[in-house]
Amino acid sequence: MIKKQKSFASFLAAIFLSLSGEVFSSSPSILVENEAVEFSKEQNKQPSPLEKPSLVNESNDQPLTAENIMELVDQRYDGDTKKQYGRLTLIDKRKNKRVRNIFQLSKIYGEDKRVITQVLSPSEVSGTTILAYEWDEVKREDETWLYLPQLRKVKRLATTDKSSYFLGSDFTYSDLSGLEVEDFSYEFINNESTNEQWVLFAKPKKDIGSIVIDKTGYIKIKYWIDKEKMMIVKAKYWLKDGSKVKYYNVSGFDKIDDIWIFRRAQMVLSQGKKMLHASIFEIDTVEYNHKVKDEMFTTYAMERKIE
């Protein structure tokens, strides 16, 4: 059984052009390209007793736990292979924008997955490549490599590097390679859940909390999960720097080969009520289940054009 949350490499595999300096109202909202994305107010009271979700665990006919939900999100079919093109827009607090065009390939190997992502343009970052091996085995750490063409060198990222940010975006290498479901404890927030979505909290397990926080950079996460699509549609991340929070949201849903995708994902880094930085990923084209050679997922392939 897969035990890793669906990674942003799988998402990229994912973010606001006209941003206000004050990005939150009393009920937090993010203004992106004249679009306000509302986030529920944080509740001070404790979650109400667990209500029975609309799905049950088929192995024992018991109500699904919050951890079961995260496992189902992870197991959502996303093609045996996937090829996609997209654009990553980076926006600073002064609304200055930088755009990176990105190409990505992914392939399933049994219960494991390999993903390679390469920047196509602009020229100053063209060829920057990240390769991720996402292992199903819980005790086996995912492996991630980074190639910087300016240095002409492939670097394997250590666990401690994975809370760093990729390519100046608001996504960490940990986001790219995926968070491990078993690193966290989960609970439903029933007074915010609806017939259409579950809302739940994820916190690092107490016995490995410091390790997980160092690896991911997160002390707590709140997820909004679409019940029909079995997809995370919003999230709020509390950073180990306790004054900063990240907000994630996806939109523009579509079905390709009977697989749900989103066309746009966004992440905003904030401190208090101020936006510090934002990232948008917009997906242009997606192709599923075409033949992809194994040799594309090697450190040698990272050093050349992969599309």
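Since every read-out is calculated from the coordinates, none of them should be taken as a lab result. Everything quoted here is computed from the prediction, not taken from an experiment.
Taking the Cα centre of each part, how many Å lie between the range 240-283 and the range 75-130? Each part reduced to its Cα centre gives a spacing of 14 Å.
Computed from the alpha carbon positions, the gyration tensor of the range 71-170 leads to an equivalent ellipsoid with semi-axes of 26, 17, 15 Å, biggest first.
Based on the Kirkwood radius over alpha-carbon pairs, what is the Stokes-Einstein translational diffusion coefficient of the range 247-299 at 20 °C with 1.002 mPa s viscosity, in µm²/s? In µm²/s, the coefficient is 154. Could you tell me what % of all Cα pairs in the range 202-307 have separations over 21 Å? Counting every Cα pair in the range 202-307, those more than 21 Å apart make up 57 percent.
In the structure shown, the pairs K215/K293; K95/K255; K97/K246; K95/K153; K95/K273 are assessed against 27 Å; a Cα-Cα span above that value is assigned to K215/K293; K95/K255; K95/K153.
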